[in-house]
Amino acid sequence: MAVVALRLSPQSRAALLLVVAAMTGAQTVGSLCMFALPAVAPSIAETIGTTPALIGYQASLLYLGAMAAAAMGGEAIAVAGPCRTTQLCLLGCSIGLAATASASVLGIAVASVAVGAAYGMMNPAASHLLAMVTSGANRNVVFSIKQTGVPLGGVLAGLMLPALATAFGWRAAVLAAAALTAALALLLQPLRAALDAERPARQPGRVSPFAGIALVWARPVIRCLVLTGLLLAAVQFTLTTFLVTLLVEDVGLSLLAAGLLLAVMQTTASVARIAWGWLADWRRDGNLVLTGLAAGSALSTAALMALGPQWSQAAILPLLVLVGASAAAWNGIFMAELARNAPPAPIGSVVGGGMVFTFAGALSGPALFAAVHALLGRYTLTCAILAALSAAAVVLLARARRLAAAPATS
């Protein structure tokens, strides 16, 4: 493979386009691996003889692995470089996802932790590269474009995997996703020399896995931001985990129809992330846009409680568009706000510490949802939890705004 020569700087348009394309692609297929099993959960449940609601615990294992690994992202990119770290993460996701085809409950559990751990170190590496090619004028929209990879991975999962599972079985579906992920890891090789040329210096001495957490927790504004990320991630990833099952079990749709609606929600989120990122850059106020998205998430997820067999696909569609545009569209601005408020430290360490909280939300949200569903018996009613978590995020963002303004008014 030919090696690409490139110097990373905010003044280089070629570097910006290449880094954004590479990191968005990596985020997309990595997210596909994370969303693969929820997209075919009813088929897996039938194979292993259990309830589809247990997919919530599988999702929690994914994010347990991600949370454990995220804080070490800064050290990983210092040792291997951000591009090589991304390649290794993609290969880890691919191998772990392929291992879930064993259909063993224990095997799926262990493989899920492995996939999550690989995925957990992708964002610090991508953020390091994006910070090198962006400026204050375009930071929100660029980070938002990269973060479209999360819902795009959901779109691939919703469109590709149920169809493959219906035609060839769910094992073939997850193996196809694993192969696609491994292929992208190899395609990044020509970029490695350019993207790994500049990397942060390694910290002297033994590196604590909690260093990134302490870094973000020490600043009150960032503390409010990362707790907001925890709550909104719990909402978003619970929706991604349970939407197909909710539509199949409580509304009575087919697996294919439910997968299509999941893809609609994720496609909306992809487009909305870019629009909200542009708005945040134009307004120069990421907190304001994030607050609006959290409020929209509270209202739209509360509306999910009304879904039932009387709802047609045409009636469900606009509601899921609203859900996608709010509850699943906050991530890019959140990442940009972390970068903007970061203390003098390698951005990979700051983002890694912040992502520990985000993954903690993604871990706890589906498990909490599954536990409450066991009491209520309906997925739709359980969506009240999602509305409450979104409302709490609005409160945290208001506090972050007050804290940020305090030095100017004192």
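The values are calculated or read from the model by the stated rules, or taken from the named source; none is laboratory data. None of the values given here were measured: they were computed from a predicted structure. As a convention, Cβ positions derive from the backbone with ideal geometry for all residues, glycine included, and neighbour counts pool all protein chains shown.
Go over the candidates Ala179, Ala137 one by one and state the one that is in a loop (DSSP other than H, G, I, E, B) and more than 20 Å from the chain's Cα centre (by Cα).
Details: Ala179 fails: in a loop (DSSP other than H, G, I, E, B).
Just one listed residue meets the conditions, Ala137.
Has the range 261-278 got any residue that is over 22 Å from Pro366 (Cα atoms), over 19 Å from the mean Cα position of the chain (by Cα) and in contact (Cβ under 8 Å) with a residue 12 or more places away in the chain?
There is at least one residue in the range 261-278 that is over 22 Å from Pro366 (Cα atoms), over 19 Å from the mean Cα position of the chain (by Cα) and in contact (Cβ under 8 Å) with a residue 12 or more places away in the chain.
Yes/no matrix, rows are residues, columns are (1) assigned to a helix (DSSP H, G or I); (2) in contact with a His (Cβ under 8 Å, 6 or more places away or on another chain); (3) hydrophobic (A, V, I, L, M, F, W, C); (4) at pLDDT 80 or above:
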site: Pro10; (1), (2), (3), (4): no, no, no, no
site: Leu18; (1), (2), (3), (4): yes, no, yes, yes
site: Ala36; (1), (2), (3), (4): yes, no, yes, yes
site: Thr47; (1), (2), (3), (4): yes, no, no, yes
site: Ser60; (1), (2), (3), (4): yes, no, no, no
site: Ala66; (1), (2), (3), (4): yes, no, yes, yes
site: Val79; (1), (2), (3), (4): yes, no, yes, yes
site: Leu90; (1), (2), (3), (4): yes, no, yes, yes
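Out of curiosity, is Thr86 under 26 Å from Thr238 (Cβ atoms) and buried (at least 24 other Cβ atoms within 10 Å of the Cβ)? Don't jump to the end; show me each part of the working.
On the way: under 26 Å from Thr238 (Cβ atoms): no; buried (at least 24 other Cβ atoms within 10 Å of the Cβ): yes.
So Thr86 does not fit the description; no.
Before we move on, is Ala109 among the aliphatic types (A, V, I, L, M), in contact with a Lys or Arg (Cβ under 8 Å, 6 or more places away or on another chain) and surrounded by fewer than 22 Cβ atoms within 10 Å (Cβ to Cβ)?
no
Just checking, how many residues over the range 28-57 are surrounded by fewer than 24 Cβ atoms within 10 Å (Cβ to Cβ), among the polar types (S, T, N, Q) and touching a residue at least 60 places away in the same chain (Cβ under 8 Å)?
3
Can you confirm whether Ala325 is buried (at least 16 other Cβ atoms within 10 Å of the Cβ), under 18 Å from Ser144 (Cβ atoms) and in contact with an Asp or Glu (Cβ under 9 Å, 6 or more places away or on another chain)?
No: the conditions fail for Ala325.
Quick one: count up the residues across the range 173-202 that are surrounded by fewer than 23 Cβ atoms within 10 Å (Cβ to Cβ) and either among the charged types (D, E, K, R) or under 12 Å from Leu37 (Cα atoms) (or both).
6
Restricting to the range 335-394, name every residue that is closer than 19 Å to Leu61 by Cα and polar (S, T, N, Q).
Across the range 335-394, the qualifying residues are Thr358, Ser364.
Give Ala336, Ala406, Ala400, Ala374 a once-over and let me know the one that is at pLDDT below 95, part of a helix (DSSP H, G or I), farther than 25 Å from Val289 by Cα and small (Gly, Ala, Ser).
Unique residue meeting the criteria: Ala374.
Being among the polar types (S, T, N, Q) and under 16 Å from Ala370 (Cα atoms) is the filter here; which residues of the range 228-277 pass it?
Answer for the range 228-277, where residues must be among the polar types (S, T, N, Q) and under 16 Å from Ala370 (Cα atoms): Gln236, Thr238, Thr240, Thr241, Thr245.
Residues that are touching a residue at least 60 places away in the same chain (Cβ under 8 Å) and more than 17 Å from the chain's Cα centre (by Cα): does the range 360-368 have at least one?
Pass one, the range 360-368, residues touching a residue at least 60 places away in the same chain (Cβ under 8 Å): 360-368.
Checking which are more than 17 Å from the chain's Cα centre (by Cα) leaves us with 368.
Yes.
Any residue at all in the range 144-166 that is surrounded by 23 or more Cβ atoms within 10 Å (Cβ to Cβ), of a type in the set (Ser, Thr, Tyr) and closer than 22 Å to Leu18 by Cβ?
Scanning the range 144-166 turns up at least one residue that is surrounded by 23 or more Cβ atoms within 10 Å (Cβ to Cβ), of a type in the set (Ser, Thr, Tyr) and closer than 22 Å to Leu18 by Cβ.
For Thr291, only one of the following conditions fails: (1) closer than 15 Å to Ile333 by Cα; (2) over 19 Å from the mean Cα position of the chain (by Cα); (3) surrounded by fewer than 23 Cβ atoms within 10 Å (Cβ to Cβ). What is its number?
Checking Thr291 against (1) closer than 15 Å to Ile333 by Cα; (2) over 19 Å from the mean Cα position of the chain (by Cα); (3) surrounded by fewer than 23 Cβ atoms within 10 Å (Cβ to Cβ), the one that fails is (2).
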